[in-house]
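So the structure is just underneath, and the comments pick up after that.
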Amino acid sequence: MSFVLPPPERHALADGTLIYSFPVRVFGDFLANIYVVRRGEYTALIDTGSGTEQSNADLLTGFSALSEMDAHITWVGLSRIVITHGHIDHHGGLDFVRTLTQAPVAVHELDQPVLSAYRERIVLTSRALRAFLHGAGVDAAGVTAFMKMYGAGKIRFVGGPVDTELHHGDLLDGLFKVIHTPGHCPGQVCLRVGEVLLSADQVLAHTTPHLSAESITPGNGLSHYLHSLDLLDAEEGIVLTLAGHEEPISDLRARTADIRASHTRKMNRILSICAAPSSLQTITSQLYPRVKSYDTLLALEKVGALVEYLSARGEVRVANLEQMERDEEASPLYQTA
């Protein structure tokens, strides 16, 4: 049976602002949500999909359906493009979108280089990831395999200059309150419009958002992520949260509490595993014994973020310091303090 995308949804805010949403298939059947926000003659596109042929086709289909629902929504009439964060499933379609509209592009200053100097970002991040994998205890063949997986997900993206760099606390175009929420991505922003929060990948309805260690990318990591949750918890009057993936969220604070609890459970499990000295790879194999292929890389990255957090707080220590002093190639083995 062929996959059928659901029709666009419409959310009407108390002040008359309209938020439309529709999904696109960014990789295989993995969906990301696209949003179009309209207030009067002003329209903004929030995220662009991955830029794959399928994603671009879904973007055109969804946008065309919106134009039939609301004649004010056209590519030519688009007022703004906002990229919530510099992950390819959210910004990869920007090259394609720029062939359809001249609307100015906004992104947080920390993710601006992803759009304007994408190749440089990929090279630097790839080097940092390779070093992380060696340090995690992955052997040479495993590192090569993981790096191949990582590269396969980075479709060709050209990018270009950014028109507006966002900062925490900005009021973009007199409409969007910008909340900088690093952790999942250094320059991720959530956007508040009245009583609605566009939460990007900071808070998802079912999934605990992916994290990687700050040693791979500065601005990532659990410490930043939890602080970002604090910022969202401090927002009063949010009645609906619309995320970058999955369904809308009706109770934001209940969901952030669930996410915190999930991280706590995983860290407690790591502390149990580290009763014996363990590499990141060993911890990952015990914490996520059934993951395969690319999901194994994601699991390693997440464990790296959790162990980094525990290490910074003195809850785990490196058990093989003498070996590491003698051998620069030795990977740290972590043990509960």
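Here, each number is a calculation from the coordinates, and none is a lab measurement. No experiment lies behind these values; they were computed from the predicted model shown. Cβ placement follows ideal geometry from the backbone for every residue including glycine, while neighbour counts extend to all protein chains displayed.
DSSP finds beta bridges in the chain, and of those with both partners inside it, around 70 percent are antiparallel. When the P(r) of the range 101-169 is calculated, the portion above 17 Å amounts to 55% of the C-alpha pairs. Suppose the Debye formula is applied to equal point scatterers at every Cα of the range 180-337; what is log10 I(q)/I(0) at q = 0.08, 0.19 Å⁻¹? Log10 of I(q)/I(0), two decimals: -0.26, -1.16. As a length-normalised measure over Cα pairs under 8 Å and 6 or more apart, the relative contact order of the range 282-335 settles at 24 percent. Computed over the chain, relative contact order equals 13 percent, with contacts defined as Cα pairs under 8 Å that lie 6+ residues apart. Divided by 2.2 N^0.38 Å, where N counts the residues, the Cα radius of gyration of the range 1-96 comes to 1.03.
Qualifying trypsin sites (Lys or Arg not before Pro) in the range 125-196, where qualification requires a DSSP coil assignment and no more than 10 other C-beta atoms within 10 Å, comprise Arg156.
Counted by Cβ distance under 10 Å from Ala243, the other residues give a net charge of -2, where Lys and Arg count +1 and Asp and Glu count -1. Relative protection proxy for 167-176, 291-300, 180-189, from highest mean packing down: 180-189, 291-300, 167-176 (other beta-carbon atoms within 10 angstrom). From its DSSP helices (H runs of at least four residues, each -39,500 (n - 2.57)), the chain gives a residue-normalised ellipticity at 222 nm of -11500 deg cm²/dmol. Out of every Cα-Cα pair that the range 263-307 contains, those further apart than 14 angstrom amount to 40 percent.
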